[in-house]
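Quick note: the coordinates plus some simple rules give every number you see, no bench work behind them. Just so we're clear, the structure is a prediction, and the values are computed from it rather than from any experiment. Glycine also receives a Cβ, built like all others from the backbone with ideal geometry; neighbour counts cover every protein chain displayed.
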Amino acid sequence: MSEIAASNASKSADGYNRREVLKAASAAIGSTLVPGWLTSAIAADAPQLTPLNRFPRMVQDHFEALARAAEKVGQTRKNFLDSKENAEAYVRTVRGLIRLCFGPEPERTPLNPRIMGVVERDAYRIEKVLFESRPGFLVSANLYIPKDRKFPLPGVVGSCGHSANGKAGETYQSFAQGLARMGYVVLIFDPIGQGERLQYVDENFKPRRGIGVAEHLYAGNQQFLVGEFFGSWRAWDGIRALDYLLTRPEVDPQHVGITGNSGGGTMTTWLCGLESRWTMAAPGCFVTTFRRNLENELPQDTEQCPPHAMALGLDHDDFLAAMAPKPVVILAKERDFFDVRGSQESFERLKRLYTVLGSPDNIHLHIGPTEHGYSIENREAMYRWFNRVTGVSDSQVEPPITLEKDETLYCAPRGQVAELNSRTVFEFTRARAIELAKQRVPLSGHTLQAKARHALRMGELPKTAPDFRILRASGQRKYPLGSTATYAVETEPEVYAVVTRLTETPTVSRPPRGSVRAMLYISHHSADVELRDEPLIKELLATETAVPLFACDVRGIGDSQPNTCGVDQFLRPYGSDFFYAIHSLMLDQPYVAQKTRDVLRVVDFLAASGHTDVHLIARGWGTIPATFAALLSDHVTQVTLKQPLKSYEEIATSEAYTWPLSSFVPGILKEFDLPDIYKELASKRLTLIEPQGAVAKL
């Protein structure tokens with residue numbers, strides 16, 4: 001295969017023409033949206049052809065079905081809330097399930113708090129606090145302490161949403177000041193990737209990868225490889241914030257609350273399920289249901305999607321149920337993108353639980369009239385709720401607020417903890433990956449196969465050949481042999497891998513029998529495009545002239561690339577590919593595993609036509625499921641991977657990477673890595689062409 005390698009080395013990195021893709025976009029017809037991978041799209045020799053996408057809603061429909069099934073699991077559990085004893089057992093159950101999602105608590109290491117400055121105001125003072133939630137991992141926070149009050153007073157931890165300036169954001173300053181003026185001690189801290197806690201900064205401490213969502217995805221996706229969950233890190237900051245708050249003599253430990261909005265509403269919700277010391281809570285602009293978010297095609301950050309949660313039948317309300325029957329008010333918005341119908345559904349479920357537990361008045365739903373945000377009507381609903389619980393004030397409205405400049409609230413001299421040598425999330429991830437590499441033992445044979453199946457959460461596949469549809473021709477596609485037969489192979493109910501067989505003459509029949517050997521190409525982004533443009537395919541056809549070649553798009557690729565989550569969203573960090581990858585982890589069905597299943601069932605489809613000697617070929621993204629399928633299938637006798645990932649360890653130990661979450665297997669580095677599989681595939685004549693590191697050129 002050295003000639004293949006030489007041929008491909010002379011090819012440009014992407015081989016596609018962006019200008020022509022944009023031109024083709026305007027020619028899109030019908031309801032099919034133009035695919036989003038605008039950086040690697042239409043071949044230069046066929047700019048007039050829009051890439052085929054005949055199943056653009058398939059993946060979304062499949063995930064909606066999975067979400068409804070998962071919701072039924074949780075509802076079945078709730079159907080037994082017919083006695084106080086059963087209700088208490090339910091609360092204990094959801095607490096245990098939540099802990100399974102978030103993993104064990106890390107060690108409670110010293111907080112090493114430091115007061116970096118004090119701001120004196122008329123009714124309160126603001127202490128600028130730094131503490132370490134993990135060794136060397138600095139958290140910047142502002143502590144608002146009322147003046148001229150008798151201590152101890154109720155305490156509140158404030159969790160910020162996606163404000164670029166974190167705790168200095170207008171709404172977050174507002175509720176912190178409002179609570180302080182009413183008589184609460186408030187600790188509000190910067191989330192990871194916001195305010196003073198950017199993880200990726202240049203020499204001037206300016207962001208290199210954006211703020212908020214961008215950093216959350218970049219740091220969080222990478223963590224999955226070492227078995228970590230970014231939401232657990234975010235929540236641990238909140239727990240350690242409570243630890244610090246309770247060290248203060250000004251705080252009454254009998255009254256400690258948590259509130260936040262949007263991303264802070266997420267953390268408030270998760271923290272209700274993870275921490276038993278809260279006595280009251282007010283999550284804002286987040287609580288709905290997982291199903292509503294999925295059906296509404298609403299992408300969310302990594303930390304907003306707990307692994308296994310949907311598979312375990314958990315929903316947003318369960319995290320609040322873990323606090324029952326303590327007082328909780330759900331703060332929703334009528335015109336929020338977090339569907340208020342889900343807020344109402346969550347409230348109704350909780351109302352039943354609280355009623356059975358004898359505290360129906362301890363759960364409340366407030367729906368503000370406006371858009372997403374911790375606006376004054378929702379802040380005032382929170383004040384009323386906390387005041388009802390604590391009795392510290394009878395105020396019903398927000399006191400006058402005077403916003404501070406960001407610089408006034410800085411804990412670090414220039415407003416970034418990076419200048420104080422705070423460790424980053426990535427540094428912890430890299431250290432963990434190196435530690436796991438030292439602990440791993442070499443795996444091979446059946447042991448490696450078993451470990452791979454476990455990592456993929458892959459059960460036994462059907463013993464019978466898959467059913468398939470024969471698709472009509474899509475016009476002249478300018479493929480090497482001129483004609484095709486195309487099949488939609490059903491890899492699980494209503495899920496299809498689209499398989500194209502190159503032929504000399506057009507045909508709409510089932511695959512012919514005769515040849516034992518076959519070549520199966522797993523595409524990078526589109527079999528339709530790559531059949532025209534990929535030099536490897538043309539060379540293979542010239543090398544194995546008598547061997548039929550099939551090209552396959554697994555789910556979510558090419559012929560089933562989702563047209564969801566907005567227009568042209570497929571390759572965006574917050575787009576549809578990420579959307580289904582992160583939901584796959586909540587459903588405990590890694591996207592890689594689903595795609596591997598597609599490859600294995602297509603191999604079974606070929607075997608049913610007599611092709612039991614399969615040369616499996618793949619490029620780029622397609623090499624990940626192809627690698628696992630080659631390991632697991634006895635029908636695969638030869639493997640060629642172009643631009644495969646060298647190892648997951650390279651991603652976990654590199655601050656920069658470009659591979660998507662859809663290519664990651666959670667926790668894989670605890671047991672094995674891709675080189676283990678490559679070594680095993682040597683017996684299947686494995687050829688690796690242009691292996692890629694963490695920053696891939698595909």
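Between helix 230-245 and the chain there is an angle of about 10 degrees, using the helix long axis and the longest principal axis of the Cα atoms. Close amide-amide hydrogen proximity is noted between residue 368 and 332, 333, 334, each under 5 Å apart and 5 or more residues distant or on a separate chain (H modeled in the peptide plane; Pro and chain starts excluded).
Within the stretch 233-297, the ratio Rg/Rh, alpha carbon atoms throughout and Rh by Kirkwood, equals 1.06. Among the trypsin sites (Lys or Arg not before Pro) in the stretch 416-469, those placed in a DSSP loop whose Cβ has at most 15 other Cβ atoms within 10 Å are 440, 463. Averaging over all projection directions, find the projected area of the Cα convex hull of the stretch 292-379 and quote it in nm² with one decimal place. If you wrap the Cα atoms of the stretch 292-379 in a convex hull and average its projections, you get 6.2 nm². Against the chain, whose longest principal axis is taken from its Cα atoms, helix 576-586 shows a tilt of about 70°.
The percentage of C-alpha pairs in the chain whose separation is greater than 45 Å is 27%. Ratio of Rg to Rh for the stretch 71-434: 0.95 [Cα atoms; Kirkwood radius as inverse mean 1/r over pairs]. For residue 554, the residues whose modelled amide H falls within less than 5 Å of its own, excluding neighbours fewer than 5 places apart on the same chain, are 523. Backbone amide hydrogens, once placed in the peptide plane, bring residue 201 within less than 5 Å of 208, excluding anything fewer than 5 places away on its chain. Sequentially through the stretch 61-75, phi angles give Karplus couplings (6.51, -1.76, 1.60; θ = phi - 60°) of 4, 5, 5, 4, 4, 5, 5, 5, 5, 5, 4, 5, 4, x, 5 Hz, Gly and Pro residues having no value and appearing as x.
Shown here are the Rg and Dmax of the Cα trace of the stretch 444-689, at 17.2, 51 Å. In terms of overall dimensions, the stretch 288-445 has a Cα radius of gyration and Dmax of 21.6, 70 angstrom. Across the stretch 454-467, rounded Karplus estimates of 3J(HN,Hα) from the backbone phi angles (6.51 cos²θ - 1.76 cosθ + 1.60, θ = phi - 60°) give 5, 4, 7, 6, 9, x, 6, 8, x, 7, 8, 5, x, 6 Hz, Gly and Pro being marked x. For the stretch 585-679, the mean projected area of the C-alpha convex hull, equal to one quarter of the hull surface, is 6.5 nm². At 222 nm, what value in deg cm²/dmol follows for the chain if DSSP H runs of at least 4 each add -39500 (n - 2.57) and the sum is divided by all its residues, to the nearest 500? My calculation for the chain gives -11000 deg cm²/dmol from helical runs alone. For the chain, the longest principal axis of the C-alpha atoms and the axis of helix 623-632 are separated by about 70°.
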